[in-house]
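Everything on this sheet refers to the single structure shown next.
The values are calculated or read from the model by the stated rules, or taken from the named source; none is laboratory data. As the structure is a computational prediction, the values presented were derived from the model and not from experiment. Positions of Cβ are backbone-derived with ideal geometry, glycine not excepted, and every protein chain shown enters the neighbour counts.
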Amino acid sequence: MRYVGDNYVKDEFRRHKNASPEQALVFLKEWTEYCVCLAKQLSNKGIAKGVVGKDLNPAMLDNFHDEQLRQLLDLKIEAEKPKVS
């Protein structure tokens, strides 16, 4: 799972290499919020709660481009694959 996540992050940053300054600000803001959220969930208090991740607001999907929806579906499919030993 970590391999999938690491590759996804690398690809995401590569795709935004030539983003406009406005797009870059939004992109970095969202990744910063994600990092803060994940850091809280992986802290001692967060681990005690046993919750990692959060649900995606369905209204946000209306703002996604087709490519983003496809990426989200691909990520879901990859994450749900059975673990190979």
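Which condition breaks for Asp62 when tested against (1) at pLDDT 90 or above; (2) surrounded by 10 or more Cβ atoms within 10 Å (Cβ to Cβ)?
It fails just one condition, (2).
Of everything in the stretch 25-53, what is closer than 25 Å to Arg14 by Cα and in a loop (DSSP other than H, G, I, E, B)? Give them in sequence order. Before you say what the answer is, go through the steps one by one.
Let us first name the residues in the stretch 25-53 that are closer than 25 Å to Arg14 by Cα, namely 25-39, 53.
If the condition is that a residue be closer than 25 Å to Arg14 by Cα and in a loop (DSSP other than H, G, I, E, B), then Gly53 is the only one that fits.
Please tell me if Phe13 is in contact with an Asp or Glu (Cβ under 9 Å, 6 or more places away or on another chain) and free of Cβ contacts under 8 Å to residues at least 24 places away in the same chain. Walk me through it before giving the result.
On the way: in contact with an Asp or Glu (Cβ under 9 Å, 6 or more places away or on another chain): no; free of Cβ contacts under 8 Å to residues at least 24 places away in the same chain: yes.
Taking the combined requirement at face value, the residue does not satisfy it.
Considering only the stretch 1-23, state which residues are modelled with pLDDT under 90, in a helix (DSSP H, G or I) and surrounded by 10 or more Cβ atoms within 10 Å (Cβ to Cβ).
Val4, Gly5, Asp6, Asn7, Tyr8, Val9, Lys10, Asp11, Glu12, Phe13, Arg15
Kindly evaluate Leu42 against the criterion of being over 14 Å from the mean Cα position of the chain (by Cα), surrounded by 10 or more Cβ atoms within 10 Å (Cβ to Cβ) and under 17 Å from Gly5 (Cα atoms). Step through it out loud before you land on a result.
On the way: over 14 Å from the mean Cα position of the chain (by Cα): yes; surrounded by 10 or more Cβ atoms within 10 Å (Cβ to Cβ): yes; under 17 Å from Gly5 (Cα atoms): yes.
Yes.
Name the residues in the stretch 47-59 that are under 19 Å from Trp31 (Cβ atoms) and either among the aromatic types (Phe, Trp, Tyr) or surrounded by 11 or more Cβ atoms within 10 Å (Cβ to Cβ) (or both), would you? Write out each step before concluding.
As a first pass, look at the stretch 47-59 and keep what is under 19 Å from Trp31 (Cβ atoms): 52-57.
Passing the criteria: only Val52.
In the stretch 54-79, which residues are outside any helix (DSSP H, G or I) and more than 15 Å from the chain's Cα centre (by Cα)? Step through it out loud before you land on a result.
Initial filter on the stretch 54-79 (outside any helix (DSSP H, G or I)): 54-57, 62-65.
Matches in the stretch 54-79: Asp62, Asn63, His65.
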